[in-house]
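Notes follow the structure.
Read the figures in this text as sums done on the coordinates, not as results from a lab. What you see is a predicted model, and the numbers here were worked out from it, not measured in a lab. Glycine gets a Cβ as well: all are built from the backbone with ideal geometry, and neighbour counts include every protein chain shown.
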Amino acid sequence: MSSLLGFKIATGQKLGNWSAVHKFGSIQSLPHNSAPATIWTGGVTYPWALFNDALTLKVESLAADDGIITVEGMDENYDPKTVDLQLTNVQYVSLPGTWRAVNRVEYADADGNPNTGPIKVMQQTGTGVVGHIPASQGQSRQAVYTVPKGYTAYITNYTVGTGKEGEAEVGLYVREFGSAFKNKSNVSVRGQCFQQKFDSPLIVPQKSNIDFKGNSGSAATSAIVNFEIWLKKV
C-alpha cells in the first residue's frame, strides 16, 4: 500500500471501507532460554483462553484515579465495542456487558493527566488480566489484537527493539477462529530496532487473534513491538 494511500486512510479520508490501526507493546524482561512470552506489560503470557466464552470484566485501580477509562474490544458476537467508564476512587468498577476481546485501554482525567497508578482490566470473578495500563502511561502497551467480525486485517509491517546489548527472538503468531496459534514471522535482534516489512501484507481474517511473543538469549532483556494494520470492512 502506497504511503499516500496510507496517509489518506490514517487521516480519515473516505476510501471505501478501509481504516488504520496502530498497535504496540513492551515487556520489561523477556523469558531467558524458555518459552516465549507475550510482548505486553500485564504478565508473562496473554490469557487468550479466558475469551473462549464471553467474559464479564471489571477495572482495578488501586490509586486515587478518578478520570475516564476507555476500553476498546469486542462484544459477545465479536462486533466492535468501546466503553467509557468513570473511575470513582474505588478499587473495582464493573464494565457493562460481556466481552470477547480487549484490544486497547486508555485513561485520562479532567485535566488531561494520565493515571497515577497501574490500571488493570480483569475478569469479574478471578484474577486473570486482559488489559493493563502501567502507571503514568495513559494507555495500554500490549502487542495483541483481535480482528472484529466483518473485517479483514492486513498487517503491513512490524518493528522490534531491545535494550542495550539485549538479544531477543520475537515471533508474530496468528490464531484463526477455531484453530491454533501459528507462527507467521520471526526476527532476531540484538541491541537495536529492526523493521520487518511485508511487500504483500499478511492477511488475517475476522475473529482471529494476533499475538507477538518473544524470548531472550541474554538475561533481563527488555523489548518493544510496534505493528501496523489496515482494516477492511467486508
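For region 95-205, the square roots a ≥ b ≥ c of the C-alpha gyration tensor eigenvalues yield an a/c of 1.5 or more together with a/b not exceeding b/c, which makes the shape oblate.
Computed about its Cα centre, the charge dipole of region 134-234 is approximately 360 debye, with only Lys, Arg, Asp and Glu carrying charge at their Cβ.
Given a 10 angstrom Cα cut-off, can you work out which residue in Thr152, Thr125, Thr88 is the most mobile in a GNM of the chain? Evaluated over the chain, the most mobile residue of the options is Thr125. For region 48-133, the Stokes-Einstein estimate of translational diffusion at 37 °C and a viscosity of 0.692 mPa s comes to 256 µm²/s, using the Kirkwood hydrodynamic radius over alpha-carbon pairs. If you take all other residues with their beta carbon under 15 Å from the beta carbon of Phe227, and give Lys and Arg +1 and Asp and Glu -1, the sum is +4. Taking the centroid of alpha carbons for each part, region 29-70 and region 145-217 are 18 Å apart. Over the residues of the chain, the helix contribution to mean residue ellipticity at 222 nm works out to -1000 deg cm²/dmol, using -39500 (n - 2.57) for each DSSP H run of at least 4. In this Cβ point-charge picture (+1 for Lys and Arg, -1 for Asp and Glu), region 186-234 has a dipole of about 140 debye about its Cα centre.
Figure the gain on full extension for Ala180 and Ser222 (residue separation times 0.36 nm, minus the Cα-Cα span) and round it to one decimal in nm.
Numbers: separation 42, 0.36 × 42 = 15.12 nm, distance 2.72 nm.
So the chain would gain 12.4 nm between Ala180 and Ser222.
Which percent of the Cα-Cα distances in the chain go past 21 Å? That fraction is 57 percent.
Note on Ile224, Ile203, Ile210: ascending count of other Cβ atoms within 10 Å places them as Ile203, Ile224, Ile210, the fewest first. Looking at the P(r) of region 146-187, how many percent of alpha-carbon pairs lie beyond 14 Å? It works out to 62 percent of all Cα pairs. Placing +1 on the Cβ of every Lys and Arg and -1 on the Cβ of every Asp and Glu, with nothing else charged, gives the chain a dipole about its Cα centre of roughly 760 debye. Applying the criteria of a DSSP loop state and at most 12 other Cβ atoms within 10 Å to the GluC sites (Glu not before Pro) of region 100-208 yields Glu165.
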